[in-house]
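Participant: Mind having a look at this structure? Questions to follow.
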């Protein structure tokens, strides 16, 4: 560490998903502030499309031997972390998602001995609420959490879940929320080509996710169908995943498939979000709801489930509406009421952008910097 500039190893799932997006965006913001960032993953993070100053990428090489039906990625990751720390003098290993990253970081730290590298684990959601509580993983998840030098959670909801289910001390978890780059995510900042997706009289409704069952993308289509019955609209689905086939069948059954556009995975969604009139997020569970925040930053009102950390992000009744996860009819009513009232929509759009300003990167990223210093000083 020189002049307060840190050398930080970052490990995340580099594929499409909220935790990888947050980890990558955090690395980019820290690099802009002069810190040296080393991504240690099995593939280049999807939100890191080109070279940036102060950012380095280390690919984890996993050996493939005939003896091993399942190559030991966790151990290969530990070795890659160890090697990066030795060669580049890392101060911190910051891992996102507990399993297996926190475990691998603990092994790497043990291998490093007295080099003084600290391990910070950021918890994002299903690593605590789903995967970590599986009996097969619970003991190693709890062990890895407790062996971390620092713990952060993206919401107060997730902090409480961690304390309750893993018997973690009350003061062990720091809440540092997800954030958004307000200069990048804005309604007037990107050239929106609405005509590519919809005619002038049609509203654009959007959903972004990795199409896992917990996202309830089939309900997105059901809500859209309820809105589409009252006004002309198109549904843009960004992302892909195991529920894609089911979602398409639902659209066919509801006779709205011709108005549903599957855009697949997109590296950058700011330009597309700037086209949207409404964002739907009827998830069964959300630790935070990063895509809702990104939509709000683009002035897009949100209709979402009243679950997990979403109520801390989306102000009910101003920037959008929150309802029970399976209240399809209620979500359709709420969405249609906004889209059919231009003045009410404009007010909600302004409120959404204002609410997003609470999570500006310039406010949140310094919280990580301060936490790094606290952990290093212990």
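Participant: Figure the gain on full extension for residue 253 and residue 146 (residue separation times 0.36 nm, minus the Cα-Cα span) and round it to one decimal in nm.
Facilitator: Values: separation 107, 0.36 × 107 = 38.52 nm, distance 4.83 nm.
Contour length minus the Cα-Cα distance gives 33.7 nm.
Participant: 7 Å from Cα along Cα→Cβ at both residue 378 and residue 347: what's the point-to-point distance in nm?
Facilitator: 4.7
Participant: Moving on. Using alpha-carbon positions, what is the distance between the centroids of segment 225-286 and segment 307-359, in Å?
Facilitator: Distance between centres, Cα-based: 17 Å.
Participant: Shifting gears a bit: Would you work out the relative contact order for the chain, in percent, from Cα pairs under 8 angstrom that are 6 or more residues apart?
Facilitator: Relative contact order comes out at 13 percent.
Participant: What's the extension gain from residue 57 to residue 73 if we count 0.36 nm per residue and subtract their Cα-Cα distance?
Facilitator: 4.0 nm
Participant: At 0.36 nm per residue, minus the direct Cα-Cα distance, what do residue 170 and residue 262 gain on full extension? Give it in nm, one decimal, please.
Facilitator: Numbers: separation 92, 0.36 × 92 = 33.12 nm, distance 4.34 nm.
Full-extension gain reported as 28.8 nm.
Participant: What number, rounded to the nearest 500 deg cm²/dmol, is the helix-based mean residue ellipticity at 222 nm of the chain, given -39500 (n - 2.57) per DSSP H run of at least four residues and division by all its residues?
Facilitator: -12000 deg cm²/dmol
Participant: Here's another thing I want to ask about it. Using Cα-Cα distances under 8 Å and only pairs 6 or more residues apart, what relative contact order does segment 21-111 have, in percent?
Facilitator: The value is 22 percent.
Participant: Using only the C-alpha atoms of segment 194-359, find the volume of their convex hull and express it per residue in Å³. Write down the numbers at each step before the final one.
Facilitator: Details: hull volume 16.1 nm³, N = 166.
Taking the convex hull of the Cα positions in segment 194-359, it is 97 Å³ per residue.
Participant: Using r as the Cβ-Cβ distance of residue 32 and residue 163, and R0 as 30 Å, what FRET efficiency do you calculate, to the nearest 0.05? Can you show the working numbers first?
Facilitator: Working: r = 33 Å, r/R0 = 1.11.
So the FRET efficiency works out to roughly 0.35.
Participant: Hey, can you rank 47-60, 243-256 by average C-beta count inside 10 Å, highest first?
Facilitator: Most protected by this proxy first, the peptides run 243-256, 47-60.
Participant: What FRET efficiency do you get for residue 112 and residue 64 if R0 is 22 Å and r is their Cβ-Cβ distance, rounded to the nearest 0.05?
Facilitator: My answer for the efficiency is 0.25.
Participant: Let me ask something additional. Return the ratio Rg/(2.2 N^0.38 Å) for segment 138-255, where Rg is computed over Cα atoms only.
Facilitator: Rounded to two decimals, the normalised Rg is 1.51.
Participant: A further question on this structure: Taking the highest mean first, how do the peptides 97-104, 346-353, 153-160 order by number of other beta carbon atoms within 10 angstrom per residue?
Facilitator: Order by mean packing, descending: 97-104, 153-160, 346-353.
Participant: Please report the relative contact order for segment 194-359, taking Cα pairs under 8 Å with a sequence separation of at least 6, and give it as a percent rounded to a whole number. Display every interim value, and only then the final one.
Facilitator: Details: 322 pairs, mean separation 37.5, N = 166.
Worked out over segment 194-359, it gives 23 percent.
Participant: Compute the distance from the alpha-carbon center of segment 28-46 to that of segment 141-181, in whole Å.
Facilitator: One Cα centre to the other: 22 Å.
Participant: Using the Cα atoms of the chain, I'd like the radius of gyration and the largest Cα-Cα distance, Dmax, both in angstrom.
Facilitator: Values for the chain (Cα only, Rg and Dmax): 21.2, 66 Å.
Participant: Hey, another quick one. Roughly how large, in nm² to one decimal, is the mean projection of the convex hull of the alpha-carbon atoms in segment 167-206? Present the calculation step by step, with values, prior to reporting the outcome.
Facilitator: On the way: hull surface 22.4 nm².
The number I arrive at for segment 167-206 is 5.6 nm².
Participant: Viscosity 1.002 mPa s, temperature 20 °C: Stokes-Einstein D of segment 8-120 from its Kirkwood Cα radius, in µm² per second?
Facilitator: Rounded to a whole number, D works out at 152 µm²/s.
Participant: What is the angle, in °, between the Cα long axis of helix 138-147 and the longest principal axis of the Cα atoms in the chain? Nearest 10 is fine, range 0 to 90.
Facilitator: The answer is roughly 60 degrees.
Participant: Please give the peptides 165-173, 18-26 ranked by average Cβ packing (other Cβ atoms within 10 Å per residue), highest first, as a rough proxy for protection. Walk me through the numbers before you get to the answer.
Facilitator: Values: 165-173: 14.0, 18-26: 23.1.
The densest-packed peptide leads the list: 18-26, 165-173.
Participant: Still on this structure, I have one more. Relative to the compact-globule scaling 2.2 N^0.38 Å, provide the ratio for the alpha-carbon radius of gyration of segment 271-378. Mind showing how you got there, number by number?
Facilitator: Working: Rg = 15.6 Å, N = 108, 2.2 N^0.38 = 13.0 Å.
Working it through for segment 271-378, the quotient is 1.20.
Every number in this text was worked out from the coordinates using simple rules, so none of it is lab data. Nothing here was measured: the structure is a model prediction, and the numbers come from that model. So basically every Cβ, Gly included, is an ideal-geometry build from the backbone, and we count neighbours across all protein chains shown.
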